[in-house]
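Read-outs: derived from the displayed coordinates by stated rules, not from any lab. Not measured: the values here are computed from a predicted model. Neighbour counts are summed over all protein chains in view; Cβ atoms, including those assigned to glycine, are modelled from backbone coordinates with ideal geometry.
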Amino acid sequence: MRKYVVFYESAEDVASKAPPVFPAHAARLREFRDRGTLLMVGTFAKPQEEGSMAIFASREAAEEFVDGDPFVLQGVVRGWVIREWNEALSDL
């Protein structure tokens, strides 16, 4: 089953930039989760160096999320990419 993974690259000093914007970002996460289009989300162990990722049910949902995400709009994220991913366990 196909999913779409968004990889975020953290901006410089993400630890100080993220907290003021996090409530708006979290509201957007809840909105997409409640719609059933956001399946998983989280940072990697070292968010400054490794960033974060989110898994969406469709490319359209991933693109819509990124286009209006406060983290993107407010410069908490310096770059992002969406990759199509083939989930293997769903077929077993």
Can you give me the Rg/Rh ratio for the chain, using Cα atoms for both radii and the Kirkwood formula for Rh?
0.97
Note: probe point = Cα of residue 24 + 7 Å toward Cβ; backbone nitrogen < 12 Å; residues of segment 65-92 passing the test are 68-76
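For residue 67 and residue 45, FRET efficiency with R0 = 30 Å and r from the beta-carbon atoms, rounded to 0.05? Please list the in-between numbers first.
Numbers: r = 28 Å, r/R0 = 0.92.
That gives a FRET efficiency of 0.60.
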How big is the dipole moment of the chain about its Cα centre under a simple scheme where the beta carbon of each Lys and Arg is +1, that of each Asp and Glu is -1, and everything else is neutral? Debye, nearest 20, please.
160 debye
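Loop-only chymotrypsin sites (Phe, Trp or Tyr not before Pro) in the chain, please: DSSP not H, G, I, E or B, and at most 14 other Cβ atoms within 10 Å.
Qualifying residues, ordered by number: 44.
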Using only Cα atoms and rounding to the nearest 10 degrees, what angle (0 to 90) does helix 59-68 make with the longest principal axis of the chain?
10 degrees
Built amide H within the under 5 Å cut-off of residue 80, gap 5+
9
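When only C-alpha pairs under 8 Å and at least 6 residues apart count, what is the relative contact order of the chain, in percent?
Values: 153 pairs, mean separation 46.1, N = 92.
Averaging sequence separation for qualifying contacts and normalising by length gives 50 percent for the chain.
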Among residues other than residue 81 whose Cβ falls under 15 Å from its Cβ, what is the net charge (Lys/Arg +1, Asp/Glu -1)?
-2
Given labels modelled 7 Å from the Cα in the Cβ direction, how far is it in nm from residue 16 to residue 34?
3.4 nm
